[in-house]
Amino acid sequence: MPKYVGQRVKRTEDPRLIQGLGHYVDDVRLPDTLHVAFLRSMYAHARIKSIDVSEASHAPGVVAVYTGKDVAGKIGPVPCAAALPGLKVPDYRVLATDHVVFVGHPIAIVVANDRYAARDAIDLIMVDYEELPAVVDVEEAAKGGALVYEEYGDNIAYKLTAGEGDIDAALASADHVLKQRMVHQRLAPIAMEPRGVLARYFPGEQELTVWSSTQIPHLLRTQLAIMIGIPENKLRVITPEVGGGFGSKLNVYGEEALVGWVSMQLGKPVKWIETRRENIQATIHGRGQVGYIEIGCKNDGTITGLRYNVFADLGAYHQLLTPAIPTLTGLMLSGAYKIPAIQINVTGVFTNKMATDAYRGAGRPEATYVVERALDLVAAELGMDAVDVRRKNFPAPDEFPFKTATGLFYDSGDYDAPLQKALAMVDYKGLREEQKRAREQGRLIGIGVSTYVEICALGPSAAMPAGGWESATVRIEPTCKVTVLTGASPHGQGQETSFAQIAADELGVDLNDVTVIHGDTSIVQYGIGTFGSRATAVGGTAMFMAIEKLKEKATKIAAHLLKTDASNVVFKEGRFTKQAARAASAGEAAEAPEPDVPVAEAPAGALPEPEAGANSVTIQDVALAAHIAREIPPGSEPGLSATYFFEPTNFTFPFGTHIAVVEVDRETGDIKFLRYVAVDDCGTVINPMLVEGQIHGGIVQALGQALYEELVHDEQGQLVTGTLMDYAVPKAAMLPWFELDRTETPSPSNPLGVKGVGEAGTIGATPAIVGAVVDALAPFGVRHLDMPIRPEAVWRAINA
């Protein structure tokens, strides 16, 4: 039997997707489906004086029109799960009633026989607005002036200070204190498939089924039940193909509740598929931080302390985790280094924009960027090599679990190992010599190094707003096919393959005999979902533990078939083998033989029995015996299934080194990649192909932020980059060739040793890319450039 874990197994999900046979929400077709279109605010900030829907209500094909007043008191507010001291939580409803707070704010919906009729009728709704001053710049918003919510008196949603150590003393003891303003611009997640919702209500059964492209089907079910007032056990959420999420679908949106409620009112299926313009306007945005760092260091490069004062642009209201994301930045400010004193001061600020929330990395890319750019500033100030500064401040492998000044315990690590491998791959010494020769020739070559650590496997329930455990049920059918039901909800990560690899190895069956089911709340036991690189580390561990329970029961049945004690049976590669009996020692009583238990005689051929004197049975034999139940141990339950809920005791902390090498054109400011090397350590690797795919995707999204992507709002809060004609997502021709390798440092936090890799590329890459561009411009005295670093910014820096 081949071993699957650790092998490059192609994704079992891919054939249906490549052939166009997968089913996304819009592919689910139900008879008599009605379609919804939203009227959204054209203003970033305005009062609604009146809404006239009379003409739209009588338009051809229109079934119903609803405004905020029609649903007021019938649908609860959009939920926010983050709880912080002093947090101001606006009462944000699924449709605006008298006040709109961002461009794209939903005001009314039209329900029609087809989506074109619904869209046409939207143009017939007349809204009388009173435009109000828009609050756009996060720092100006924090100071005062125009208000998003007059009742609060200011635009401050919350303030938070965190960290350990005496930061003032740490900075005072430094030989150098360096300061820098850094911007993490707003980004649009731009999943391949926008959001979609289909709802079907059966009035007789009083049951509602919702198909949604979500990352959290069970949590969505709970929140929708609360919002629209339906018993949770009468609500079913199904997640078909999602088409990418990157955190943007780790949420409960007003559209999901509203479409479900409309189906309950009309007794027909109702569907809404988001347009790309709506997606950029009204699906959560990522990042949005403007911060000021202070880092203290000794003359030898030792870091004494780090302070980060940050203004977090929360947008106009809170989605599920909006206020919590900047706190994750604070947790990871130690990076891969021994920094004795750290302080983060967060000012969460309301602005007239769509809410920010979790986007691939969720606060950790910001932290890594801050600390990595800070170390580059230290290196430049001291005239040291960027690599030497990093090595100077690494904790040693024997210092793990390593406690940081942000209150975390890093589980395991050897930060120098991937750094050494990356330096060797890129020939770092030779590269620096080449850079020196190039500069003598007038060429601008830059080398950026990022040694990162991130927090994954979110996480222990005490640290989570809605539970940090995960669940799995593993069932072996009578024909020995294996069914895995996982509470994780993968949407591109490949767990249908990696979970099958683990199960196949543990049970000694063929990979193709394992089916992984997820994303249906009526089939799968309650789970938390997929985000924060937790699916395998937490969900996979739950499955592994369920398999262990299953094997324990199967071993007892096998022992009964072999007429021996379970302690004498060993399971390996799909076969239970009876071991030679151990001779009794002097004075030890011989084991009493198992008493005969009368059983009904089985029909000939119904249950294959071991041959007389046989010393082994297969798992297939045991599976059939468990279900026929004529030859199982007394008091045993028939069947072969087990469920496990795994609660981790700690997060996991992957790490690695990324090195980018670029050349900058003096005349145009154009940036060309010469090399990109990444060595990552995500603990035990289940499938190298999946790991590399995740790293590739993560680097591309980081590259987008570093060089191209930015959501731009004008002074009136209008979204200037509202389409993919304006918002620059990286294309294949913009990407370097990725040279990947890895080290493996298993995590002690779970029996698989898995750490997680879904966000690693996004977290490690951005500072490496920016560092490379800044390094190329070092001869001009440039020490920092804000993202996105477009050619114009480079050209201006060269010619300043």
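The values are calculated or read from the model by the stated rules, or taken from the named source; none is laboratory data. Everything numeric in this text was worked out from a predicted model, so none of it was measured. Cβ atoms come from the backbone with ideal geometry, glycine included; neighbour counts cover every protein chain shown. Surface accessibility is based on the protein's heavy atoms, side chains included, excluding ligands, DNA and RNA. Shrake-Rupley method; radii C 1.70, N 1.55, O 1.52, S 1.80 Å.
Between 435, 394, 335, the Cα set farthest toward the positive side of the dipole of the chain (charges on each charged residue's Cβ, about the Cα centre) is that of 435. About its Cα centre, the dipole of the chain is roughly 400 debye, where the only charges are +1 on Lys and Arg Cβ and -1 on Asp and Glu Cβ.
Backbone geometry of the stretch 519-530 corresponds, through the Karplus equation with coefficients 6.51, -1.76 and 1.60 at θ = phi - 60°, to 3J(HN,Hα) couplings of x, 9, 6, 8, 10, 8, 4, 4, x, 9, x, 10 Hz, x marking Gly and Pro.
In the chain the Cα-Cα distances spread across 10 Å bins starting at 0 as 3, 13, 21, 22, 18, 12, 7, 3, 1, 0 percent of all pairs. For the stretch 265-271, the Karplus equation 6.51 cos²θ - 1.76 cosθ + 1.60, evaluated at θ = phi - 60°, returns couplings of 6, 9, x, 9, x, 10, 10 Hz by residue, with Gly and Pro reported as x. Distance between Cα centroids, the stretch 772-793 to the stretch 83-124: provide it in whole Å. For the stretch 772-793 versus the stretch 83-124, the Cα centre distance is 41 Å.
The aspartates and glutamates whose alpha-carbon is closer than 19 Å to the alpha-carbon of residue 234, local same-chain residues fewer than 8 away aside, are 205, 207, 256, 520.
Please report, as a whole percent, how much of the solvent-accessible surface of the chain comes from carbon and sulfur atoms (probe radius 1.4 Å).
Answer for the chain: carbon and sulfur cover 51 percent of the accessible area.
Relative contact order, whole percent, for the stretch 273-333 stands at 25, derived from Cα pairs under 8 Å and 6 or more residues apart.
Amide hydrogen proximity for residue 176: with H placed 1.01 Å from N in the peptide plane, the residues at 5 or more positions away or on another chain lying under 5 Å are 297. Accessible surface of residue 131, taken over heavy atoms with a 1.4 Å probe and every protein chain present, rounds to 100 Å².
Relative contact order of the chain, taken over Cα pairs closer than 8 Å and 6 or more residues apart, is 15 percent. Calculated accessible area for the chain comes out at 39 Å² per residue, all protein chains present (probe 1.4 Å; ligands, DNA, RNA ignored).
By the rule of a C-alpha distance below 24 Å, with chain neighbours fewer than 8 residues away ignored, the lysines paired with residue 298 are 179, 338, 392, 403. Sequentially through the stretch 732-748, phi angles give Karplus couplings (6.51, -1.76, 1.60; θ = phi - 60°) of 4, 5, 8, 9, x, 7, 8, 9, 10, 8, 7, 10, 10, 10, x, 7, x Hz, Gly and Pro residues having no value and appearing as x. Farthest toward the positive end of the dipole of the chain, out of 526, 751, 245, is the Cα of 245, where the dipole comes from beta carbon charges about the Cα centre.
Only four residue types carry charge here, +1 at the Cβ of Lys and Arg and -1 at the Cβ of Asp and Glu. Report the dipole size of the stretch 627-759 about the Cα centre in Debye, rounded to the nearest 20.
On the way: 7 positive and 19 negative charges, 97 e Å.
I would put it at about 460 debye.
Given axes a ≥ b ≥ c from the Cα gyration tensor, I'd like to know whether the stretch 1-151 is rounded (a/c under 1.5), prolate (a/b larger than b/c) or oblate. Numbers along the way, then the final one.
Values: a/c = 2.69, a/b = 1.33, b/c = 2.03.
It comes out oblate by the Cα gyration axes.
Summing Cβ point charges (Lys, Arg +1; Asp, Glu -1) relative to the Cα centre of the stretch 361-403 gives a dipole of roughly 120 debye. Annotation: residue 419 carries an accessible surface of approximately 0 Å², with a 1.4 Å probe and no ligand, DNA or RNA atoms counted.
Amide H to amide H distances under 5 Å link residue 268 with 201, where only residues 5 or more positions off or on other chains count and H is placed in the peptide plane. Less than 5 angstrom separates the built amide H of residue 252 from those of 320, all sequence-distant by 5 or more or on a different chain.
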